[in-house]
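Trainee: Before we start, here is the structure in question, set down as structure tokens.
The values are calculated or read from the model by the stated rules, or taken from the named source; none is laboratory data. Only a predicted model underlies this, so the values are computations on that prediction, with no experimental measurement involved. Here Cβ is always computed from backbone atoms with ideal geometry, including for glycine, and neighbour counts include all displayed protein chains. Just the protein is used for accessible areas: all its heavy atoms, side chains included, with ligands, DNA and RNA removed. Shrake-Rupley method; radii C 1.70, N 1.55, O 1.52, S 1.80 Å.
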Amino acid sequence: MKLPPFPVPHAALRAGLAARQGLLELADRLLPAEAALWELAAGMQRTKLAGVLVTSGLADALAEGPRDTGELARDLGLSEEVTVRVLGAAAAVRLIHMDRSGRARLRWLGTPLQSSHPRSLASWVAYQAAPANAAAHGELEAQLREGAEPSGHRRAFGNSVWEYFGEHPEEEARFAGAMRELTAIDLPALARAYPWPQEGVICDVGGGIGTLLAAILERRQGAMGILVDSPEVLAEAEGFLRSRGVAERVARQAGDLFGELDAHADVYVLKWILHDWSDEACRGILSRLRATMPSGSRAVVIDQHLERNRPSPFSSLADMLMLVECEGGRERAPQEVLGLMDDAGLRPGRVRHAGLHMVVEGIAP
């Protein structure tokens, strides 16, 4: 199925979000405030419902069309009674349509819960609904009263979210899948958002299996790439890069954000990196990057754009996720990122946008 590019241009997307927000506020006015608030307070249940449709296999089982709920439960080894009740609740929140004979199908809003959907969010929804994520958010009031650090995750589990993932590989795999899903959705806009060099070397630091780097190299046939990540991730990247036809143009280099980086390139990409960390940690990351950058090379930071006192339906919630999951992490405004770059010895460059993302450039003097 061919889908239109997403996200749409920055200004158009913001206008669309503002229009949607206005319509939702009008819809709220159709009810007493307490009724609209009751629905809002059921958000945890909606997230858990969406998550269990993924993890139980129900969403994928409905991929081919309407199914009898009893048959579904038997095929998946689920309780028939609970399946009927879960699907009924999912229908109430517009994920499922159920007819009076008990046959269920996914509605438009629920189709990205399928793993086969071209813009699937199955792993992202499962991550959002996971018990560990709920436990981290359960510490939000403690953070509100005592301060952002330690993170909600550390308060709940006694370690960082990255250490937790290392101890729970199945949850780390789910999170990695979620990041790939979100990157794939943003890919067309991000690949077009910056004037990547026609020739030269592009280094993606912490670039996972190379989803963004491959998309850039497909558009820049004369360029080469360096992918920096852990040895385990790089091993997984091999097959992906070959499937995209760029493996021979990408050097794989093991490394992490807090070790020495030795990669000589024309452009260095840090996508969804700085928002995980405090200002102090970001200065360290950028300083280590600056130490390996040749004069005239560029660092390109990609994160969601969030201005203080300007709430965003997406970026503000992403900021809350950074608050509870990461040590000092948060979404920032472009000037804040440029300030961190300046502290690390990089000259401020241009700021561009791709959908909700800012693409912030720093130049090595």
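Trainee: Can you pull out every residue in region 118-160 that is open to solvent by less than 40 Å² (accessible area, probe 1.4 Å) and closer than 28 Å to Leu58 by Cβ?
Mentor: If the condition is that a residue be open to solvent by less than 40 Å² (accessible area, probe 1.4 Å) and closer than 28 Å to Leu58 by Cβ, then Ser120, Ala122, Ser123, Val125, Ala126, Tyr127, Ala129, Ala130, Ala132, Asn133, Ala135, Ala136 are the ones that fit.
Trainee: Follow-up question, since we're still on this one. Mind telling me which of the residues Ser287, Ser312 ends up being among the polar types (S, T, N, Q), touching a residue at least 40 places away in the same chain (Cβ under 8 Å), surrounded by fewer than 22 Cβ atoms within 10 Å (Cβ to Cβ) and over 23 Å from Leu213 (Cα atoms)?
Mentor: Every option except Ser312 fails the conditions.
Trainee: Need pairs with beta-carbon distance below 6 Å; first residue touching a residue at least 12 places away in the same chain (Cβ under 8 Å) and within 14 Å of Ser287 (Cβ to Cβ) and within region 339-365, second among the polar types (S, T, N, Q) and open to solvent by less than 10 Å² (accessible area, probe 1.4 Å); sequence gap 6+ or separate chains.
Mentor: Pairs that qualify, where the first residue is touching a residue at least 12 places away in the same chain (Cβ under 8 Å) and within 14 Å of Ser287 (Cβ to Cβ) and the partner is among the polar types (S, T, N, Q) and open to solvent by less than 10 Å² (accessible area, probe 1.4 Å), are Ala364/Ser297.
Trainee: If I ask for residues that are under 20 Å from Leu213 (Cα atoms) and out of contact with any Leu (no Cβ under 8 Å at 6 or more places or on another chain), which ones from region 295-307 would you list?
Mentor: Ser297, Arg298
Trainee: For residues that are among the acidic types (Asp, Glu) and open to solvent by less than 60 Å² (accessible area, probe 1.4 Å), tally how many sit in region 41-98.
Mentor: 1
So that you can scan it fast, the table gives a plain yes or no per residue for (1) in contact with a strand residue (DSSP E or B) (Cβ under 8 Å, 6 or more places away or on another chain); (2) basic (Lys, Arg); (3) modelled with pLDDT of 95 or more:
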residue: Gly225; (1), (2), (3): yes, no, yes
residue: Phe240; (1), (2), (3): no, no, yes
residue: Val246; (1), (2), (3): yes, no, yes
residue: Ala251; (1), (2), (3): yes, no, yes
residue: Val267; (1), (2), (3): yes, no, yes
residue: Leu270; (1), (2), (3): yes, no, yes
residue: Asp276; (1), (2), (3): no, no, yes
residue: Arg283; (1), (2), (3): no, yes, yes
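Trainee: Also: Failed condition for Leu257, given (1) at pLDDT 95 or above; (2) within 22 Å of Phe165 (Cβ to Cβ); (3) under 21 Å from the mean Cα position of the chain (by Cα), with all others met?
Mentor: With respect to (1) at pLDDT 95 or above; (2) within 22 Å of Phe165 (Cβ to Cβ); (3) under 21 Å from the mean Cα position of the chain (by Cα), Leu257 is out only on (1).
Trainee: Got a number for residues in region 340-355 being more than 29 Å from Glu163 (Cα to Cα) and open to solvent by 10 Å² or more (accessible area, probe 1.4 Å)?
Mentor: So the answer is 9.
Trainee: Moving on. Among the residues of region 99-117 satisfying the criterion of being of a type in the set (Lys, Arg) and part of a loop (DSSP other than H, G, I, E, B), which is least open to solvent (accessible area, probe 1.4 Å)?
Mentor: That would be Arg107.
Trainee: Filter region 180-235 for residues that are farther than 13 Å from Gln253 by Cα, of a type in the set (D, E, K, R) and within 19 Å of the chain's Cα centre (by Cα) and give the result.
Mentor: Arg180, Glu181, Asp186, Arg192
Trainee: State all residues of region 293-314 that are within 19 Å of Leu338 (Cα to Cα), of a type outside the set (Asp, Glu) and under 16 Å from the mean Cα position of the chain (by Cα); if no residue qualifies, say none.
Mentor: Val301, Ile302, Gln304, His305, Leu306
Trainee: Sticking with this structure for a sec: Give region 315-335 a look and list any residue that's surrounded by fewer than 19 Cβ atoms within 10 Å (Cβ to Cβ) and either over 15 Å from the mean Cα position of the chain (by Cα) or within 24 Å of Ser295 (Cα to Cα) (or both), or say none.
Mentor: Listed by number, the residues that qualify are Glu327, Gly328, Ala333, Gln335.
Trainee: Could you please give the count of residues in region 25-52 that are at pLDDT below 95 and among the β-branched types (Val, Ile, Thr)?
Mentor: Of the residues in that region, 0 qualify.
Trainee: Could you grab me the full set of residues in region 68-95 that are free of Cβ contacts under 8 Å to residues at least 40 places away in the same chain, closer than 25 Å to Arg174 by Cβ and not in a helix (DSSP H, G or I)?
Mentor: Gly77, Leu78, Ser79, Arg94
Trainee: Please enumerate the residues belonging to region 30-39 that are surrounded by 10 or more Cβ atoms within 10 Å (Cβ to Cβ) and either assigned to a helix (DSSP H, G or I) or not hydrophobic (A, V, I, L, M, F, W, C) (or both). First the steps, then the outcome.
Mentor: Applying the first criterion (surrounded by 10 or more Cβ atoms within 10 Å (Cβ to Cβ)) to region 30-39 yields 31-32, 35-39.
Of everything in region 30-39, those that are surrounded by 10 or more Cβ atoms within 10 Å (Cβ to Cβ) and either assigned to a helix (DSSP H, G or I) or not hydrophobic (A, V, I, L, M, F, W, C) (or both) turn out to be Pro32, Ala35, Ala36, Leu37, Trp38, Glu39.
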